[in-house]
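Nothing in this text is a laboratory measurement; each read-out follows from the coordinates by a stated rule. Source: prediction; values computed, not measured. Ideal geometry is used to build each Cβ from the backbone, glycine not excepted, and the neighbour counts take in all protein chains shown.
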Amino acid sequence: MAGQLLRCGTSVGANYRAACRAKSAADFISKMSIVEEECDESIYWMELLEDSGKIKKEGVAELKREGSEILAMVVASINTARSRRSNPQSANRNPQSK
């Protein structure tokens, strides 16, 4: 389980880096979707390690909270990219001009 957590946890950063170099909006969304999956899987493995008694709840609570925050940010980024792709005019708006 620890090995699985290590693999998916490090995959989050590697795939995010790849998303930052995406060649198109579709490519960005695709790569960020992988980040979402790997982040969610990381939280899953932490929960399994916790439930199995291999690690203490206190030792992983902060990591799970941070993982959930990262996951929320990734999902928000994907949703923003999808809305901009379906409505290209929204990408050109200046939010300070309201």
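If the elastic network links every pair of Cα atoms under 10 Å, which of Glu50, Glu38, Glu62 fluctuates the most in the Gaussian network model of the chain?
Result: Glu62 has the largest fluctuation of those listed.
Taking the inverse of the average 1/r across all pairs of different Cα atoms in the chain, what Kirkwood radius in Å do you get?
Hydrodynamic radius (Kirkwood, Cα pairs) of the chain is 14.8 Å.
Determine ³J(HN,Hα), in whole Hz, for all residues of segment 29-40 in sequence, where each value follows from phi through the Karplus function 6.51 cos²θ - 1.76 cosθ + 1.60 and θ = phi - 60°; x replaces Gly and Pro.
Going residue by residue, I get 4, 4, 5, 5, 5, 5, 4, 4, 4, 5, 5, 4 Hz, with x marking Gly and Pro.
For Lys23, Lys54, what's the fewest-to-most ordering of other Cβ within 10 Å of each Cβ?
With the fewest neighbours first, Lys23, Lys54 line up as Lys23, Lys54.
In the chain, how many lysine pairs have Cα atoms under 30 Å apart, counting only pairs 8 or more places apart or on different chains?
Number of lysine pairs found: 4.
Between Leu63 and Asn87, how high is the FRET efficiency from 1/(1 + (r/R0)^6) when r is the Cβ-Cβ distance and R₀ = 30 Å? Nearest 0.05.
0.25
Which whole-Hz couplings ³J(HN,Hα) result when phi for each residue of segment 50-65 is put into the Karplus expression 6.51 cos²θ - 1.76 cosθ + 1.60, θ = phi - 60°, listed in order with x for Gly and Pro?
5, 5, 7, x, 6, 9, 7, 4, 5, x, 10, 4, 5, 5, 5, 4
Show me, for segment 10-21, the HN-Hα J-couplings you get by feeding each phi into the Karplus relation (A = 6.51, B = -1.76, C = 1.60, θ = phi - 60°), rounded to Hz, glycine and proline as x.
6, 5, 4, x, 5, 6, 5, 4, 5, 5, 5, 10
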